[in-house]
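Colleague: Below is the structure I would like to discuss, written out as structure tokens.
The values are calculated or read from the model by the stated rules, or taken from the named source; none is laboratory data. Bear in mind the structure is a predicted one, so any value in this text is a computation, not a measurement. Virtual Cβ from ideal backbone geometry, glycine too; neighbours counted across all protein chains shown.
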Amino acid sequence: MVLTTTELLGWIAAALVLTSFYLKTMIPLRAVAMCSNVVFITYGLMVGAHPIVVLHTLLLPLNLTRLLQMRNLTQKVRSVARGRMSLSMLLPYMKQVTLTAGSTIFEKGEASDEVYYLISGAVRIVEVDMPVRPGDLLGEMGVFMHDYKRTGSAVCESDVVLGYISAEKFWETFYQDPAFGAYLVRTIVNRAVNNVEWAVSNFDTPVDSHLFASDSSNEPALRKPEQPAYRR
């Protein structure tokens, strides 16, 4: 049996749709779906199937839009992986507050119900005497703690302008924006490494022989330095 051109187009379009359902990643899926849209439009015009033409004429720009959105998202995540990202993207979701020098933004042990973004001014984390630069997040570590408690205290060294967002909205952004989630993972890992380095540098005894001590239950416990190794 010899297939006509019209029948061949119909089978190609069907094969492309089947392939799109098989694909597991979004960019190839959208690309194949767009190809199937073009073939189906051509097929529908040739056989006079106007509902098929209308359907795939509408689906084609939709698939193109989703493809471009996914490519942009992929580029954003790659940019974050290289360490480049501006947290100013959070500002539309934030409220702003101005505090005077000497004000306490939050104290260690408080509930982590808000995350802050330093717009201007100087802030310092008391426990580790660490400065916070404009453009940095403040208080996000506590949101990820199992007890949702602040791991340090933040004090204004000058008049500051802060943006703040609720922990609930912060989590929504984390789940909805993979680039933001990737940035947070990098930030938290870097601060965890800094915490370990700070703790090691404050041990009075060599780390290789005194870093861990066993209690009566035989569980390893980290010896605490004189000052707790907390970051934001």
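Colleague: Give me the residue from region 105-123 that is within 24 Å of the chain's Cα centre (by Cα) and surrounded by fewer than 18 Cβ atoms within 10 Å (Cβ to Cβ) and, out of that set, nearest to E157 (Cα to Cα).
Modeller: Selected residue: S120.
Colleague: Among the residues of region 27-75, which ones are within 25 Å of the chain's Cα centre (by Cα), touching a residue at least 12 places away in the same chain (Cβ under 8 Å) and surrounded by fewer than 18 Cβ atoms within 10 Å (Cβ to Cβ)?
Modeller: I27, L64, R66, M70, R71, L73, T74
Colleague: Oh, and also: If I filter region 97-113 for residues that are of a type outside the set (A, V, I, L, M, F, W, C), part of a helix (DSSP H, G or I) and either modelled with pLDDT of 85 or more or touching a Phe, Trp or Tyr at 6+ places or on another chain (Cβ under 6 Å) (or both), do I get at least one hit?
Modeller: Taking every residue of region 97-113 in turn, none turns out to be of a type outside the set (A, V, I, L, M, F, W, C), part of a helix (DSSP H, G or I) and either modelled with pLDDT of 85 or more or touching a Phe, Trp or Tyr at 6+ places or on another chain (Cβ under 6 Å) (or both).
Colleague: So which residues in region 8-26 are surrounded by 14 or more Cβ atoms within 10 Å (Cβ to Cβ) and in a helix (DSSP H, G or I), if there are any at all?
Modeller: Matches in region 8-26: L9, G10, I12, A13, A14, L16, V17, T19, S20, M26.
Colleague: Restricting the first residue to region 185-205 and requiring it to be modelled with pLDDT of 70 or more, which pairs with a second residue that is aromatic (F, W, Y) and surrounded by 12 or more Cβ atoms within 10 Å (Cβ to Cβ) meet a Cβ separation below 8 Å and a spacing of at least six or different chains?
Modeller: Every condition considered, the pairs that remain are I188/F144.
Colleague: While we're on this one: How about region 132-174: which of its residues are surrounded by fewer than 16 Cβ atoms within 10 Å (Cβ to Cβ), without any contact (Cβ under 8 Å) to a residue 12 or more places away in the chain and either part of a helix (DSSP H, G or I) or small (G, A, S) (or both)?
Modeller: Listed by number, the residues that qualify are E168, E172.
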